[in-house]
There are 4 protein chains.
Amino acid sequence: MAIETIVWGENIHERTNDTVRAVYPDGMHETIARALNADTDIHATTATLQDPEHGLPAGRLDGADVLVWWGHKDHGAVSDAVVERVAARVWEGIGLIVLHSGHFSKIFKRLMGTPCALKWREAGERERVWVVNPRHPIAAGLGERFELEQEEMYGEPFSVPEPLETVFISWFQGGEVFRSGMTWRRGAGNVFYFRPGHETYPTYHDATVQQVLRNAVRWAHNPQDAYEAIHEGPNVPVESAPEPIRERGPKLHAPGEAGYR
Amino acid sequence: MAIETIVWGENIHERTNDTVRAVYPDGMHETIARALNADTDIHATTATLQDPEHGLPAGRLDGADVLVWWGHKDHGAVSDAVVERVAARVWEGIGLIVLHSGHFSKIFKRLMGTPCALKWREAGERERVWVVNPRHPIAAGLGERFELEQEEMYGEPFSVPEPLETVFISWFQGGEVFRSGMTWRRGAGNVFYFRPGHETYPTYHDATVQQVLRNAVRWAHNPQDAYEAIHEGPNVPVESAPEPIRERGPKLHAPGEAGYR
Amino acid sequence: MAIETIVWGENIHERTNDTVRAVYPDGMHETIARALNADTDIHATTATLQDPEHGLPAGRLDGADVLVWWGHKDHGAVSDAVVERVAARVWEGIGLIVLHSGHFSKIFKRLMGTPCALKWREAGERERVWVVNPRHPIAAGLGERFELEQEEMYGEPFSVPEPLETVFISWFQGGEVFRSGMTWRRGAGNVFYFRPGHETYPTYHDATVQQVLRNAVRWAHNPQDAYEAIHEGPNVPVESAPEPIRERGPKLHAPGEAGYR
Amino acid sequence: MAIETIVWGENIHERTNDTVRAVYPDGMHETIARALNADTDIHATTATLQDPEHGLPAGRLDGADVLVWWGHKDHGAVSDAVVERVAARVWEGIGLIVLHSGHFSKIFKRLMGTPCALKWREAGERERVWVVNPRHPIAAGLGERFELEQEEMYGEPFSVPEPLETVFISWFQGGEVFRSGMTWRRGAGNVFYFRPGHETYPTYHDATVQQVLRNAVRWAHNPQDAYEAIHEGPNVPVESAPEPIRERGPKLHAPGEAGYR
């Protein structure tokens, strides 16, 4: 059964900026979804900011395995309710892949707990992405490095929590470096940030970038059932304790009372 | 110069519950602050939920090095503005020590990006805290373990991100285990969670617990100046690039334009 | 294609101790291999200390995907050459699962870089293994905990490096705790330590333990080709630099000279 | 009381190569020790490969807090006994700072459990070291980056275990990147690797590099007493169990018998 993947695109610059439209006439999300669908073990569909509930109603998210997120121009337009819904699903186990300017998206900042800020420069300079974790699943099939002749520069420090693993580090022509591929786990959900993808360049048409995206979807996919218990903070009454104990001492809570949240 | 520490206490049960008042007649925050002030390299004062701005106005936070947080009954009463203010200061470098039921505080969940849920049982059972990271600064002066004859049980799974280091793991009489001491870094701020401290038991009167609190304050203290740049996402114009480059290719941003957030 | 797995057993107590022979008449390695072969995506064979080259000649290791290691009585009898051979293959990408008393095996200590010491007690006490990382691949299909009515106690501190992720923590009847499932990556190889399995108890006949073993083999398996370049420390001559540069300044090495090791 | 620091230098090229002697007429170890002694809270002395027991007899190591290691030409000449002695002391809590070509030293490979290999090029190119973890103690007082106009290139992948924290990442003129500052903990000992320092360039005369070295010594210093228990794997007899239990079931070990190692 294919990995059910939703590619979320902000879909603003593709409609309002001639340069971007020329590179991604169908929208970046469609280009990315096509790249994912090139392999039959992934089934990708798209959703955009303009769709009702941004294309992410609860029913649809419930059936998803992985969510890919690209946004830039209007992070603030994403409703907080949808952000919380996505966060809850990540904790339950869907994978999340955040692309490029999505570093400032509400959902990424929500899951990281940090500002997720960085330096930037839009000068069409060369980016060379080095694989620092060879044979990591996200780097499968890649050589030691790949190059993007024109990209926006993102520079360190990138204010995210220390990752589980660093997979890619970028070299920029103008002199900066950036941790371009990092992994985290939030609840049962795997999270991957991947740097490349400024909308004025044909980055998502690049074969190696497309390979990384497919690898990342497979890596982020958690085939187990949803971990819904993560939303609970259950009381374990004395009579249900794994070992027999007798209750003693002063108490705050009446029997059966819920805890404070 | 002493480490300027604010002990924040919710200060509800100490005033409304006879059992708790009997254990902490001056409030838990005062007991904790006294324990910290026992060593001259720490200078601890207190703040409570009931104070204006919960005792955490910007001016006071600016002068603080470490914030200790205990809350339980009414996490929701803490204003979102104060939570964001504290988060910003942690990113800039103040240390944060979250105690016991503070696992469900807004500030801890904000910085972790996860539900921070756990199991619990209030049965006055024995807790044995094991040092799994001997000679970690937070365990300085401790033996291989210490015991609290009566405590509330907290059980795994505890839905927090994988920590930088695990310092303590607790054994409970009723059969559960818990990672009772864990560290994270968020921006320039050190964060430590310490499990013991249910308000109906005299936990913060325990000499070993007090030692852990003092150790934690010292560990969390970052003596460097505030890292205010973490709030920025600066553009680096072509003429300021570390290496000389020429701008090329299509552009989205006009010169000097701020990035999208 | 099935995951080619070698189950390595020390195979001493099964032949010399009546108690152990009664529990594992064919040897522990055979019991473990049968448990792995219960699923068709794993193909497990066995090797023992007594085999030539301990059953791990280079040719056989070259064809293996995962190695499971159980040893106890005579770690010192494993030849250093075989240990180095296995380490090299782990760095190239085969998975390694170290069981119970294998914590003191040469290969585990070699890969951890620490003493890997712990406390122990052989008293047939109850062990309760808690899943602290729900929906981790190694915990797939498990409930929140499982119990082994009689096991040897292993107690913290366990002197291993901080893991990538902690999956299991054990509670022992006698009052200790232990991080019973931890993961690391060494080169391209995934490493998992799993605590249960004292030879006088029927632990490897337990259905849940067998499920963990199968999960661990799948998790440890890296399907990519061997990362042989990890053994090199290549010079990149000036004319092969990704960016054109001119050599300058004083030099130590003659052109084409190998680096010092 | 000052941090007792031993700066270990291989001391070969300084005596045999005119270029290196011109840069470090007293040896690199003396230059480094002087830089450390510039602050009064550090007391640095030196040791070299040519000294009896390489200048690291047990008595001297016992009194040390931090060991700084630079070697290149003849790692193999360091005796295995001294390597094991140093490893044991690191596990007990002394800090270890490994510099530049020390990545291939026996002691570093011993503690990492991996090949510690990398790419290299000796072309006198520009290195720009970026601080990716601002306000980390090792980066105290530094700006966002510093430059070394001529250095040897080290390129990724660097085959070390995922660090606790990445502090520095280098950009090289020829197009490579490198994680130039990483931390690990091994037992009670803090370990830091710092990349710069090829012997034909005046790197250790650089004021910023010297600041990093002093910061690193302070960070690596663990002021607690030696954790000698790490060398033990103690039996906890039934009568010493923290909780009262009765021994039951089959046994392998006679009472009081030591465990197998």
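The values are calculated or read from the model by the stated rules, or taken from the named source; none is laboratory data. Given the structure is predicted, the values throughout are model-derived calculations rather than measurements. Cβ: placed from backbone, ideal geometry, glycine included. Neighbour counts: every protein chain shown. Accessible surface is based on the protein model in full, side chains and every heavy atom, while ligands, DNA and RNA are left aside. Shrake-Rupley method; radii C 1.70, N 1.55, O 1.52, S 1.80 Å.
Points worth noting:
- Secondary structure note: in chain C, about 55% of the DSSP beta bridges are antiparallel.
- Net charge in the neighbourhood of C:R135 (other residues with Cβ under 10 Å of its Cβ; Lys, Arg +1, Asp, Glu -1) is -1.
- Rg [Å, one decimal], Dmax [Å, integer] - segment D:74-129, C-alpha atoms: 13.6, 40
- Beta bridges per DSSP with both ends in segment A:1-150, % antiparallel, nearest 5: 20 percent
- Rough spin-label spacing in nm, given labels placed 7 Å along Cα→Cβ, for A:E232 and A:D74: 4.1 nm
- For the protein assembly as shown, the alpha carbon convex hull comes to 163 Å³ per residue, rounded to a whole number.
- Global form of segment A:162-216, assessed from the alpha-carbon gyration tensor, a/c cut-off 1.5: oblate
- Between copies, the label points at B:P223 (set 7 angstrom from Cα along Cα-to-Cβ) are spaced 0.9, 5.3, 5.4 nm, reported in nanometres from shortest to longest.
- Comparing C:H136, C:H198, C:H100 in a Gaussian network model of chain C, where Cα atoms under 10 Å apart are tied by springs, the biggest mean-square fluctuation is seen for C:H136.
- Position D:E239: other-copy label points at 4.1, 7.9, 8.5 nm, ordered by increasing distance, label point 7 Å along Cα→C-beta.
- Build a GNM of chain B with springs between Cα atoms under 10 Å apart, and of B:W171, B:W69, B:W120 the one that fluctuates most is B:W120.
- If both residues of a DSSP beta bridge must be in the protein assembly as shown, then about 55% of such bridges are antiparallel.
- Residue by residue along C:125-133, Cβ atoms of other protein chains within 10 Å of the local Cβ number 5 on average.
- The share of accessible area on segment D:1-80 that comes from carbon and sulfur is 50 percent, using a 1.4 angstrom probe.
- Probing with 1.4 Å while keeping every protein chain in the model, the per residue accessible area of segment B:126-247 equals 28 Å².
- Magnitude of the charge dipole, segment B:136-261, Cβ model with Lys/Arg +1 and Asp/Glu -1, debye to 20: 460 debye
- Tensor-based shape of segment C:1-115 (alpha-carbon gyration tensor, a/c under 1.5 rounded, otherwise prolate or oblate): oblate
- Counting only heavy atoms of the protein chains and using a 1.4 Å probe, D:T48 has close to 10 Å² of accessible surface.
- Net charge dipole size for the protein assembly as shown [Lys, Arg +1 and Asp, Glu -1 on Cβ; Debye, nearest 20]: 0 debye
- Position A:E147, label points 7 Å along Cα→Cβ, spacing to each other copy in nm (shortest first, one decimal): 2.2, 6.4, 6.8
- Chain A has equivalent-ellipsoid semi-axes of 37, 20, 18 Å, by the square roots of 5 times the alpha carbon gyration tensor eigenvalues, sorted largest first.
- When segment C:44-195 is reduced to its Cα atoms, the Kirkwood hydrodynamic radius in Å: 16.2 Å
- Karplus-derived HN-Hα couplings along segment C:247-256 (A = 6.51, B = -1.76, C = 1.60, θ = phi - 60°), whole Hz, x at Gly and Pro: 5, 7, x, x, 10, 9, 9, 6, x, x
- Environment charge at B:Y24 (Cβ cut-off 9 Å; Lys +1, Arg +1, Asp -1, Glu -1): -3
- Overall form of segment D:110-168: oblate. Here a/c, set by the Cα gyration tensor axes a ≥ b ≥ c, is 1.5 or more, and a/b is not larger than b/c.
- Estimated dipole of chain C in Debye, rounded to 20 [Cβ of Lys and Arg +1, of Asp and Glu -1, Cα centre]: 560 debye
- For segment A:123-178 versus segment B:218-232, the gap between their alpha-carbon centres in whole angstrom: 27 Å
- Ratio of Rg to Rh for segment B:106-261: 1.19 [Cα atoms; Kirkwood radius as inverse mean 1/r over pairs].
- Inter-chain Cβ neighbour average for residues B:160-173, partner chain, 10 Å: 6
- Considering only alpha-carbon pairs that sit under 8 angstrom and 6 or more positions apart, the relative contact order computed for segment A:1-107 is 31 percent.
- D from B by rotation - nearest chain B beta carbon to the axis, in Å: B:L164, 3
- Under the criterion of Cα pairs below 8 Å and six or more residues apart, the relative contact order for chain A equals 19 percent.
- Accessible-area composition of segment D:125-192, carbon plus sulfur, in percent [1.4 Å probe]: 42 percent
- Chain pair A, B: total accessible area buried, heavy atoms, 1.4 Å probe, Å²: 5500 Å²
- For segment C:243-257, residues shielded by at least 20 square angstrom of accessible area compared with the chain on its own, probe 1.4 Å: C:E243, C:I245, C:R248, C:P250, C:K251, C:L252, C:H253
- Using only alpha carbons, segment B:188-261 has a radius of gyration to Kirkwood radius ratio (Rg to Rh) of 1.34.
- For the residue pairs C:K251/D:K106; D:K73/D:K106; A:K73/B:K251; A:K109/B:K106; A:K109/B:K73, the C-alpha atoms sit more than 20 angstrom apart in C:K251/D:K106; A:K109/B:K73.
- Surrounding net charge for B:F194, when Lys and Arg each add one and Asp and Glu each subtract one, Cβ distance under 14 Å: -1
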